[in-house]
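What follows is a single structure, written as structure tokens, with notes after it.
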Amino acid sequence: MNLGEALSLLKKEKSRLSRLIDLRKEHLYKEEGKKATFNPKKLSDEINKKTDYIRMLKIRIQKTNLHTLVKGETLSLAEAIIKVNDIRKKIANLTTLFEERRSYFSDSKDKKKVAQLDELKIEDEIMTLEREKVQLDNRIQMTNWVTLVE
């Protein structure tokens, strides 16, 4: 199985686990004298097995991410994933940088405030980061679909 398939499977298994947990919670109590539709003990056993399977799958994915270089990069998949997340955070921070100024200016018309950073330069930086994020994310995805899970 390749990483892309493993990641899809992980998502499905997490969803199944969530449904099992909800099902157990819904059927914890039964009406006295009536037969239970589901056995919460059996559901608990299934939840434990599913949790163990998910843990094993995550570990295999993480090991593969640590030992696999991203196509066209000198970064491991693990490093690239962290880098993409860092870029996303930086973009989010830069995107909201000038919002406070706009609301501040509308509240205090008698005071002249001058930005200490150039908004156009920040916008250019955001665009550059967006391109870098998309390119790196695409390389990660390409690598995921050609790399076998350890």
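Values as computed for the structure displayed
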item: Residue count for segment 73-104, restricted to those that are aliphatic (A, V, I, L, M) and at pLDDT below 90; result: 1
item: Residue match in segment 31-43 (condition: modelled with pLDDT of 95 or more, out of contact with any strand residue (DSSP E or B) (no Cβ under 6 Å at 6 or more places or on another chain) and surrounded by fewer than 13 Cβ atoms within 10 Å (Cβ to Cβ)); result: yes
item: Candidates Met127, Met56, filtered to the one that is among the aliphatic types (A, V, I, L, M) and over 27 Å from Met1 (Cβ atoms); result: Met127
item: Scan of segment 72-94 for residues that are surrounded by fewer than 14 Cβ atoms within 10 Å (Cβ to Cβ) and more than 19 Å from the chain's Cα centre (by Cα), ordered by number; result: Gly72, Thr74
item: Number of the condition not met by Thr143 [criteria: (1) of a type in the set (S, T, N, Q); (2) surrounded by 15 or more Cβ atoms within 10 Å (Cβ to Cβ); (3) within 30 Å of Asp22 (Cα to Cα)]; result: (3)
item: Those helices (runs of 4 or more DSSP H) lying entirely in segment 1-98 with at least 3 residues more than 30 Å from Glu123 (Cβ to Cβ), without any contact (Cβ under 8 Å) to a residue 60 or more places away in the chain and of a type outside the set (Asp, Glu); result: 3-26, 40-67
item: Candidate set from segment 1-20 (those that are crowded, with 16+ Cβ neighbours inside 10 Å and more than 16 Å from the chain's Cα centre (by Cα)); member that is nearest to Tyr53 (Cα to Cα); result: Leu17
item: Residues (surrounded by fewer than 16 Cβ atoms within 10 Å (Cβ to Cβ), among the polar types (S, T, N, Q) and within 16 Å of the chain's Cα centre (by Cα)) located in segment 44-71; result: Gln62
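The values are calculated or read from the model by the stated rules, or taken from the named source; none is laboratory data. Values in this document were obtained by computation on a predicted structure and should not be read as measured data. Heads up, the Cβs are rebuilt from the backbone with ideal geometry, glycines too, and the neighbour counts pull from every protein chain shown.
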